[in-house]
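Quick note: the coordinates plus some simple rules give every number you see, no bench work behind them. These figures come from a predicted structure and were not determined experimentally. FYI the Cβ positions are ideal-geometry reconstructions off the backbone, even for glycines, and counts take in every protein chain you see.
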Amino acid sequence: MHSFGYRANALLTFAITILALMCAMASLSDNLNSPTPSAEVLVLNINWFQKQPNGNDEVSMTLNISADLQSLFTWNTKQVFVFLAAEYETPKNSLNQISLWDGIIPSKEHSKFWIHTSNKYRFIDQGSNLRSKEFNLTLHWHVMPKTGKMFADKMDADP
Ligand SMILES: *[C@@H]1O[C@H](CO)[C@@H](O)[C@H](O)[C@H]1NC(C)=O
Ligand SMILES: *[C@@H]1O[C@H](CO)[C@@H](O)[C@H](O)[C@H]1NC(C)=O
């Protein structure tokens, strides 16, 4: 004969099992969803260019960042963190990556947008490599799910 305590315990175990199963399914369905976000960043203006006293180059730009991140959102998405990086090569490093802007997209309704902004973080080279330097703009994204693993990727944002 089962005691009441035993049944309550079994019920709890059952509930936890179901919950774990739902979480597993939620993150699984996220993995099946292969998102197709897009982004385009235009450099509208180079505002100024300066050499710091220590010799490092700094540049200020005005950007038009437009993105459609709607496909990153599922019912299991809490929010999406994005950052825009300038990537370029120098004799010292094959990849220099400098974050110029970032943002948190709280919901699907806000995930298709464009903004006109100057770089939020300073674009400073560790040296004097920026003048007439070719650089790529890359939009990186991190999807923070309600349950399951965070996942991240990046895309080329050059027009
Ligand atoms: C920025 O880009 C978007 C999408 O390409 C465009 O609709 C918008 O007019 C642009 N804004 C500015 C200020 O250039
Ligand atoms: C910039 O992008 C081009 C084309 O994808 C690539 O060939 C080049 O290596 C990239 N440069 C840097 C510094 O990442």
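Could you tell me which trypsin sites (Lys or Arg not before Pro) in the range 129-159 are loop residues by DSSP with no more than 12 other beta carbons within 10 angstrom of their beta carbon? All intermediate terms of the calculation are to be shown ahead of the outcome.
Working: sites: Arg131, Lys133, Lys146, Lys149, Lys154; in loops: Arg131, Lys133, Lys146, Lys149.
Passing both the DSSP loop test and the Cβ count: Arg131, Lys149.
List nothing, just return the count: lysine pairs in the chain, 8 or more apart or interchain, with Cα separation under 17 Å. Kindly include the intermediate steps, with their values, before the conclusion.
Values: Lys51/Lys133; Lys78/Lys108; Lys78/Lys112; Lys78/Lys146; Lys78/Lys149; Lys92/Lys133; Lys108/Lys146; Lys112/Lys154.
Taking the Cα cut-off of 17 Å, the pair count is 8.
Helix 4-32 versus the longest principal axis of the chain: what angle, 0 to 90°, nearest 10, using Cα atoms?
Its long axis makes an angle of about 30 degrees.
Provide, as a two-decimal number, the C-alpha radius of gyration of the chain over 2.2 N^0.38 Å, N being how many residues it has.
Expressed relative to 2.2 N^0.38 Å, the Cα Rg reads 1.50.
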